[in-house]
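Beneath this line is the structure, given in structure tokens, with notes to follow.
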Amino acid sequence: MAQQRALPQSKETLLQSYNKRLKDDIKSIMDNFTEIIKTAKIEDETQVSRATQGEQDNYEMHVRAANIVRAGESLMKLVSDLKQFLILNDFPSVNEAIDQRNQQLRALQEECDRKLITLRDEISIDLYELEEEYYSSSSSLCEANDLPLCEAYGRLDLDRDSADGLSAPLLVSPEHSAGPLQAAAPAHSQAGGPGPTEHA
């Protein structure tokens with residue numbers, strides 16, 4: 001509890017120091033700028049010569065301009081310190097920024113998912129149409145190699161049976177034609193046999 005109470009007190013002290021630095025730097029800039037304007041005013045005759053007075057005014061302007069530059073650098077350093085203070089201590093703002101960034105990234109993710117789903121559907125439709133076109137064109141030019149294995153073997157068996165049926169009559173016909181010739185040959189020999197005996 002003591003640490004929790006000390007932490008806000010340190011923050012309050014730090015903020016008060018930042019406020020004091022801001023006021024001091026702004027006051028320094030305003031005072032030096034006002035004095036430069038006053039120095040630029042031409043006065044009447046004085047006890048000091050104009051050349052000496054001019055050199056003094058010139059030197060004073062340079063010093064006050066340097067003071068203004070120093071106050072400006074202090075303000076820039078104060079801005080940097082305030083940013084660091086907010087980053088390290090302003091947790092609600094940091095959490096809000098993180099939540100906003102998460103929401104943006106989630107919205108981007110959902111958009112990418114929708115685009116990917118749409119692209120997937122379009123590609124699937126195109127692939128289906130290509131498959132339909134391919135199979136419809138290949139069915140008109142179907143060959144034995146394109147058929148399934150069982151149908152291909154069935155067609156080969158039918159071709160072999162038809163080839164055997166055509167070649168069988170060609171092999172049998174010479175035997176049938178040779179039979180009458182062999183039968184005619186003995187008849188001719190018998191007819192010639194009695195011829196000589198009768199003639200004798």
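The values are calculated or read from the model by the stated rules, or taken from the named source; none is laboratory data. Keep in mind that this is a model prediction, so the values were computed, not measured. Note that we place each Cβ from the backbone using ideal geometry, even for glycine, and neighbour counts take in every protein chain shown. SASA here: full protein model, heavy atoms, side chains in, ligands and nucleic acids out. Shrake-Rupley method; radii C 1.70, N 1.55, O 1.52, S 1.80 Å.
When we screen ASP24, ASP57, ASP44, ASP31 for residues that are open to solvent by 60 Å² or more (accessible area, probe 1.4 Å) and modelled with pLDDT under 90, the only hit is ASP44. Given the criteria within 34 Å of the chain's Cα centre (by Cα), at pLDDT 75 or above and exposed (fewer than 10 other Cβ atoms within 10 Å of the Cβ), does TYR135 qualify? Yes, satisfied.
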